[in-house]
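Scroll down for the structure; my scribbles are underneath it.
The values are calculated or read from the model by the stated rules, or taken from the named source; none is laboratory data. Keep in mind the model is a prediction, meaning the values are calculated, not measured. Here the Cβ positions follow ideal geometry from the backbone for every residue, glycine too, while neighbour counts run over all protein chains shown.
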């Protein structure tokens, strides 16, 4: 395990142990990372960088994880989940960093009720192992009611937004929800580089 990841995963007295997000600026915003045992919903358009955020979370050195890909190119180390039913995902979830890319595909193929039933079972397993599960949801695909139900089922809800202002593209990461914890009152600016998401270490007040 590299030094940075090891330091970020040291528990602070009286608070849940944190797991690095894979993005330095986001770790600072969240006071160290995601609480262990939490389920994280990341949503945005396909061009907003949601897949990059998931990839960086999965690839943090020093911890084993599982990337279940069901609607994109399967890269080295990922599991091709395109033909798996939701209940078949859980035995595949090895390690502490689990990613489902995307949860939108599960909803479209099997319906919101079956998707949420699976998520409840997955949460029990994640909490039992003090692991973390991140799932990707695409904006403008699901009904407002479905999005509300998904957000209620997640421990942490993050949105990646892209806005065009005159001749510039502005990208922001917003943390909307942290169960049993304070929500940062700041937006996190970021850029997309050849190495992935690089977030600012100084945030903008909402």
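Summary table below
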| quantity | calculated |
| --- | --- |
| Failed item, numbered, when residue 76 is tested on (1) in contact with a strand residue (DSSP E or B) (Cβ under 9 Å, 6 or more places away or on another chain); (2) at pLDDT below 95 | (1) |
| Of all residues making up segment 129-143, the number that are surrounded by fewer than 16 Cβ atoms within 10 Å (Cβ to Cβ), over 17 Å from residue 63 (Cβ atoms) and either at pLDDT 95 or above or touching a helix residue (DSSP H, G or I) at 6+ places or on another chain (Cβ under 6 Å) (or both) | 1 |
| Residue 153, sole failed condition from (1) more than 16 Å from the chain's Cα centre (by Cα); (2) under 17 Å from residue 41 (Cα atoms) | (1) |
| Matching residues, segment 84-109, being surrounded by 15 or more Cβ atoms within 10 Å (Cβ to Cβ) and in a helix (DSSP H, G or I) | 86, 103, 104, 105, 106, 107, 108 |
| Residues located in segment 58-76, provided they are in contact with a helix residue (DSSP H, G or I) (Cβ under 9 Å, 6 or more places away or on another chain), without any contact (Cβ under 8 Å) to a residue 60 or more places away in the chain, part of a loop (DSSP other than H, G, I, E, B) and under 17 Å from residue 133 (Cα atoms) | 60, 70 |
| Subset tally (residues that are in contact with a helix residue (DSSP H, G or I) (Cβ under 9 Å, 6 or more places away or on another chain), touching a residue at least 40 places away in the same chain (Cβ under 8 Å) and surrounded by 21 or more Cβ atoms within 10 Å (Cβ to Cβ)) for segment 18-55 | 13 |
| Residue within segment 110-126 that is buried (at least 19 other Cβ atoms within 10 Å of the Cβ), within 21 Å of residue 65 (Cα to Cα) and without any contact (Cβ under 8 Å) to a residue 60 or more places away in the chain present | yes |
| Total residues in segment 134-175, condition assigned to a strand (DSSP E or B) and either over 20 Å from residue 37 (Cβ atoms) or free of Cβ contacts under 8 Å to residues at least 60 places away in the same chain (or both) | 16 |
| Unmet requirement for residue 189, which otherwise passes all of (1) touching a residue at least 24 places away in the same chain (Cβ under 8 Å); (2) touching a helix residue (DSSP H, G or I) at 6+ places or on another chain (Cβ under 9 Å) | (1) |
